[in-house]
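The values are calculated or read from the model by the stated rules, or taken from the named source; none is laboratory data. Because the structure is a prediction, the values reported are computed rather than measured. Because the Cβ atoms are built from the backbone with ideal geometry, glycine has one as well, and the counts that use them run over all protein chains shown. These accessible areas exclude ligands, DNA and RNA; they are computed on the full protein's heavy atoms, side chains included. Shrake-Rupley method; radii C 1.70, N 1.55, O 1.52, S 1.80 Å.
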Amino acid sequence: MSGAPHTPEAVPEITVATGDADETRGLGARLAHLLRAGDLVMLSGGLGAGKTTLAQGIGAALGVRGRVSSPTFIIARVHPSLSDGPDLIHVDAYRITSLEEIDALDLDSSLDRSVTLVEWGEEKVEALSPDRLEIQVLRPHGAVRAGAPRLDDVRADSQRSAGSATEGPVVDLGEVDDGNRTITVRALGPRWADVDLGPLGTGASHRQSGAPL
């Protein structure tokens, strides 16, 4: 029995900073060029972080039918390929609370011939495949567009106007958002062991590493 210490296997990882929605979609397009039928992609991040924006870039570059949008009320939507590429299965698992509900979607039956992209899938769909991309989309705390109202002022106005239909201005939070995102892609399993994630950082600020398992 060997007494040599076990060295954790490195997980390919890259972190990319995007400055607006178009740059986030551009990252999605670059991701799509790495994807093939059978791939599982998990997207995590808070509400409004930009998961669906990233998914839109993936869908457009894969050449599938229909604009990718949040499938919250449908849970799973199939976007057929318009060419000879794989279909895109877009899943929103936000309202799914049990593994039984995941099983009922029967995602494993289409996994081999599609790219399966799951938002809010952490601790729910990992069993579908040991080979997957885990992508975290972060919106920097307090990030606001230059010249926009301060978020503290927006919250105060919202609280003041909560009990009145006439008091306080209406503020579009989408206009407050400056669009900056930090997106980390982790590639797990043998499928991704030799795949270079470097092209994902093309034209963007990025940091690449191999994180231990």
Legend entry - Total residues in the range 70-121, condition open to solvent by 20 Å² or more (accessible area, probe 1.4 Å), among the hydrophobic types (A, V, I, L, M, F, W, C) and outside any strand (DSSP E or B): 8
Inset, instruction - Scan (1) more than 15 Å from the chain's Cα centre (by Cα); (2) at pLDDT below 95; (3) of a type in the set (Ser, Thr, Tyr) for the single condition Thr72 breaks and write down its number. - result: (1)
Legend entry - Test for Val16: is it touching a residue at least 60 places away in the same chain (Cβ under 8 Å), open to solvent by less than 10 Å² (accessible area, probe 1.4 Å), closer than 21 Å to Arg207 by Cα and under 14 Å from the mean Cα position of the chain (by Cα): yes
Inset, instruction - Answer with yes or no whether Glu126 is at pLDDT 70 or above, surrounded by fewer than 16 Cβ atoms within 10 Å (Cβ to Cβ) and within 30 Å of Ser98 (Cα to Cα). - result: yes
Legend entry - Cβ-Cβ under 6 Å pairs, at least 6 apart or on other chains, the range 110-134 side in contact (Cβ under 8 Å) with a residue 12 or more places away in the chain and closer than 19 Å to Thr52 by Cβ, far side charged (D, E, K, R) and in a loop (DSSP other than H, G, I, E, B): Val115/Asp39
Inset, instruction - Give the residues of the range 38-69 that are surrounded by 14 or more Cβ atoms within 10 Å (Cβ to Cβ), part of a loop (DSSP other than H, G, I, E, B) and in contact with a Leu (Cβ under 8 Å, 6 or more places away or on another chain), sorted by residue number. - result: Gly38, Asp39, Gly45, Ala49, Gly63, Val68
Inset, instruction - Within the range 108-140, track down each residue that is within 22 Å of Asp84 (Cβ to Cβ) and in contact with a Leu (Cβ under 9 Å, 6 or more places away or on another chain). - result: Leu111, Ser114, Val115, Thr116, Leu117
Inset, instruction - Please list, ordered by first then second residue, the pairs with beta carbon atoms under 6 Å, 6 or more apart or interchain, first in the range 47-75 and of a type in the set (D, E, K, R), second open to solvent by 20 Å² or more (accessible area, probe 1.4 Å). - result: Arg65/Pro80; Arg65/Leu82
Inset, instruction - Determine, yes or no, whether Leu34 is open to solvent by less than 20 Å² (accessible area, probe 1.4 Å), closer than 26 Å to Gly198 by Cα and either at pLDDT 95 or above or not in a helix (DSSP H, G or I) (or both). - result: no
Inset, instruction - For the range 161-213, name all the residues that are open to solvent by 30 Å² or more (accessible area, probe 1.4 Å), over 19 Å from Asp39 (Cα atoms), at pLDDT 75 or above and assigned to a loop (DSSP other than H, G, I, E, B). - result: Asp178, Asn180, Thr202
Legend entry - Enumeration of residues in the range 24-62 that are farther than 14 Å from Gly179 by Cβ and of a type in the set (Lys, Arg): Arg30, Arg36, Lys51
